[in-house]
1. Within chain A, which is the longest segment that contains none of the chymotrypsin sites (Phe, Trp or Tyr not before Pro) sitting in a DSSP loop with at most 10 other Cβ atoms within 10 Å?
2. Compute the distance in nm between two label points, each set 7 Å from the Cα along the Cα-to-Cβ direction, one at B:Lys225 and one at B:Lys346.
3. So if we plug the beta-carbon distance of B:Arg603 and A:Leu638 into 1/(1 + (r/R0)^6) with R0 = 22 Å, what FRET efficiency do we get, rounded to 0.05?
4. On a C-alpha basis, how far is the centre of the stretch B:1-80 from the centre of the stretch B:299-338 in Å? Whole number, if you could?
5. Given R₀ = 41 Å, FRET efficiency for A:Val518-A:Asn288 by Cβ-Cβ distance, to 0.05?
6. Where the eigenvalues come from the Cα gyration tensor of the stretch A:507-573, what are the semi-axes √(5λ) of the equivalent ellipsoid, largest first, in whole Å?
7. So how far apart, in nm, are the two label points at B:Arg311 and B:Ser595 if each is 7 Å from Cα heading toward Cβ?
8. What is the sum of charges around B:Ala156, taking Lys and Arg as +1, Asp and Glu as -1, for the other residues whose C-beta is under 10 Å from the C-beta of B:Ala156?
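Just so you know, all these numbers are worked out from the coordinates, no wet-lab data involved. As the structure is a computational prediction, the values presented were derived from the model and not from experiment. Positions of Cβ are generated from backbone atoms using ideal geometry, with glycine treated the same way; all protein chains shown enter the neighbour counts.
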Amino acid sequence: MELVSFLLYILLGFFPKYCLGSRPWQPCYVIRVEGVTIMLDCTLDLFELLNFFPLPLVYSERLSSTPFCELNNFTSNEQSENNIFREIIGRILIDSLPLVRIPETKLVDFSMVDVLLISNCFSFLSLPYLFEFGFSGKVYATEPTKQLGRQLMEELCEFLYRLPTPSKNWRDESILQSLPECAVKTLTDVNSWKSFYKSDDITSAISIVQGISYGQKLDLFGSVQATALSSGYCLGSCNWLMETKYSKIGYVSSSSTFTTHPCPMERQSLLSCDALILSSLTNAPSANPDTMLGELCTKMATTLRGGGNVLIPCYPTGVVYDLLECLHTFLDNAGLVGVPVYMISPVAKNSLSLANIYAEWLCEAKQSKVYQPEHPFPHAEFIKSGRLKHFPNIYGDLGNVYQTPCVVFAGHPSLRCGDAVHFMEVWGSSSKNSVIFTEPGFDYLHALTPYQPLNMKAFYFPIDPCMNFFVANKLLKELQPQVLITPTDYLPSAAQTQKDTTCLQPEMPFYGVKRGSVVKVELASKYKKIEMTSELASTIFPQEINPGVMATSLSGLLTIRSGNNKLHPLPHPKPKNLWGHTNAQSLIEALKEHGITDIVLDKKNNQDIVQILGGKASVCFNDGETIIQNCHDEKLRLLLKDMLLRQLIQL
Amino acid sequence: MSDIRIVPLGAGQDVGRSCILVSMGGKNIMFDCGMHMGYNDERRFPDFTYITDTGQTLHDYINCVILSHFHLDHCGALPYFTEMCGYNGPIYMTHPTKAICPVLLEDFRRVCVDKKGEQNFFTSQMIKDCMRKVITVNLHQCVKVDDQLEIKAYYAGHVLGAAMFHVRVGHQSVVYTGDYNMTPDRHLGSAWIDRCRPDLLITESTYATTIRDSKRCRERDFLKKLHECLERDGKVLIPVFALGRAQELCILLESYWERMNLKYPIYFSTGLTEKANHYYKLFISWTNQKIKNTFIHRNMFDFKHIKAFDRSYIDQPGPMIVFATPGMLHAGLSLQIFKKWAEDEKNMLIMPGYCVPGTIGHKVLSGTKKIEIDKKLVNIRLSVQYMSFSAHADAKGIMQLIQLAEPKNVLLVHGEAAKMEFLRQKINEEFGIHCYMPANGETVAIATTPSISVNMSSLLFKRALEESIGAPPSKRLCSLPNSAVVDGLLVMKNEVIEVSLLTHKEVSDEIGLTRHKLKFSQTLTLDGHFLPDSNILELLTTSINKLVPDSKVLQTKEGYGLELSGTSVTLSIAQFLPQPLVNLTWELQDDHIGSILVMNLVRTIPRALIMT
């Protein structure tokens, strides 16, 4: 039996090693508790996509004429062979198959990870990579998370592989050294960058994910019970509560208190955790989602009225459902009824259909629609009425119905791959058109780099429903965890003026974690849960000692097995004990009542001694004990005993 | 308190008005609240006076109502119970049940009130008000009704949204199956439950004695008969309920028509069709894996060959298939069509589900050839086929479920007494567990041996843990591996909810109670003079052994003292000369030994050795 059971280790396997612009926090934690190793999320860092040159869907004169970067130390002949890096407005982009970054793999032996718990559809895109590092654990996610995460994986896979893109050998040390320093700075640790997985990898990875419900108690090896709690962020998103017989650990990540489409965040169960891991707060702390949505609509209306088109680079799931819902009401009210809205993604149909079959995972207003019966999301009706059209890509049927001005939702928000690339190319030259960024995960200016010079208007209205610092601070006050574990970036730095809107201000002990941190947290709990057999229970008779409080002495044989500690009866139970205080005066009075009056009360060093004259006996009152001494009359001794017992409780 | 008590108010040795009351751990749970289709009198609803006769109101008595699925024999009395009898406590069901149940209730209400003109029936508004009180549960979600009562739903497969419920109060638990199906069908998956080892499994037993032939054969058989009838220009009537079996049969016919390229018209009685199918589309996540996987590309519930029925088609010549509600031919359109078609032997009636006694469906199935319908005698000439499509578990399925859940007891409901008896014996023989089959109103009490959850002080636990691993075997109080003797004080606050086992120190901190010892001390003078070399300790030991048999007397380490092993009794020599003085002490728990020694020790010291 290991005493580790009282400890929680946290090993963190992710970013941000360096912070570039709005680099988001990408969670991947490994905790070890009660002998079970649990990985919490395994996000995929797509931020490096920005270092790559866009993958056009059709030949683009402009893109292909972007000059290559001159490498130092290379002859012009070698240069042309190594036409890898293109330079635009001082930035260097790699013209090769884009790569992504996976969590830190050297810190933890992935084959030792027993369980992976997933928070939302965006937070497990590294799953297909885990197997090559020996991971063979169980994976749990809510059913919508599983299905929608799959769509995200498949979309990106399609974006990156639908046209063959040469994978060039740019990671060669000699080549990297010949790059200007400003470029190399952003290309760190490049040998750990990975090419994106293929369709088969997705299928096999998804097949091991076990779909679960909110509030479903998962038994992890008999020692930890994990429960998914709604986090209010997106369809099926959850926080995790991990309970051992002795303690309670919460993992709160990407949670929202806004009223959007998902089930509201469940907080009650997270109250007074022994340890709380708080992660993935909003990536746009200064932007209020409602204000941003308003701005988005205004700019969209202006653009459309001016005869321009609107591109909204987005993911195929998440906020896009809310956008689609608001958009139509807005267009109607703005008198832009006929404007077509296109959603273009290889998984558009899947994502839109899936959203409407998970009513039980939605907010109450949406949930109640199915009782009509109506679709929870109005986009089903928009599709039926032809106001919203979705296409897997720009090649096929889109051409037959395409009308401008229009609104297009398309991926990828990095503008490095996907159909959005095409619209940037086609619409970029006209100042009538607008591109409106809503995903805060990418630096939008950097995203626009390859399209410069750009005439199209660009707006950044980040909509990230996750909690900001102000809300998170309020939440911490409410939840009152014993210990807080959170990214160092969220904690106040010494230099910073401390405001509760710019950082967390925990009132409880806390640990800041960075990529590669290992934290040891002692989980001291006052009680351990054990079970008393009914045989033992039937032998005890508790007595009331105070109003509402019953007590009895209890001895038993405790058998300790992992996760199941049972108390059985002993063949010979231990004797009862006495509790309370005795008092000399009360004894004297009792004796007098009994006709024994020949008594002297001595006080020596705070000790009362009752002498029963005639040398018959003495009773010594000490702190915690009473002694009947030298009583030669057995009847009197029993009487004294009886009188003293009446002052005490026997349990 | 440790008994689980069960009373069926309905569905006890019967099918219809399912309503089972379970009491355990001070909680009362009502499973299902159905109506009996076979009756028009007060027997239609469960007998709630059983509860109100206790003098308590319904919501004081019942902690929660749990509904297994949307069939009327399981939910039909709910608006009556909540709106007319006044229950206003919590009601739990799955999302699809909540969605579909009011549709069927309304449909039934219309048949009864509008067509038959019944009085004193619940209104449309009552159905709405009632459904508003429903709390929905997801599969496998643990829902806490209150601090002690927890429920969890499992997939039952019977109809869309059908669930089995595991209910737990403390360490006692009961599984109620509702209706379930252990074999996957065309649109639903099979029922599943984990090894939750409840104290009691309450299972339906509709097909207690049937072992159905393979599903595929039954389907082929069904299609063949259907096809033959149509070829000989006959009309086929299939009475169904709007939701459930109807959708499965539609999928079956749709694919057969497609494959055989048939053109015979298939009609579905109007009203509910489109809406009903829409429910299936919205709750696709409750259907089987195949439908879930393909719904994005082709939704199985978009039927191409099945069209809406119009009343005028009844008298149209030529072959056709009509699905009409309700399913037991007790009222409505299906009965109307039946009346018209019954006397033509070319036609066919396919009854795809169970019919409760008292309905025309039941009469037809039991072979009655002349039936009075609306005061008119109808000769039944059409061929009648009973296709057992009703997705209930058969005997094999019930045994499978018992195997899965591993209950300690089984109780049968929702079946016929004679068939139950057969199954009861089988369960008893095969699993060696008790099986009960109470009639309505009959109480069954099941004794359980619950263990009690205790919060043990970490300090005490750590001590025990250290003892179980750390202490050398000789020092250990207990020789069993991974175990330790624990001694503490059990404290219960606020009844029995908070039971904690504390160290003595913690007790004084927590509730201000301190340990106290009552000790006795007696100086014994041994008369006479002993020889300087006589061993007084040995003499005392001999005497003590005589006076207190079984005692083990040990010499204390410091010398000149004795202790009785395992007791608090000690003796020390205070003085040897001139008269030996022995100081005898003991604590309360050893008072019987102390008393014996005080009175007898001096006397029994061998006199011969005492010099006077």
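1. Details: sites that count: A:Tyr18, A:Tyr59.
Result, exposed sites excluded: A:60-651.
2. Taking the simple label geometry, B:Lys225 and B:Lys346 are separated by 2.0 nm.
3. The computed FRET efficiency comes out at 0.70.
4. 34 Å
5. About 0.65, to the nearest 0.05.
6. Working through the eigenvalues yields semi-axes of 38, 19, 8 Å.
7. Between B:Arg311 and B:Ser595, the label points sit 9.6 nm apart.
8. Taking every Cβ under 10 Å from that of B:Ala156, the sum is -2.
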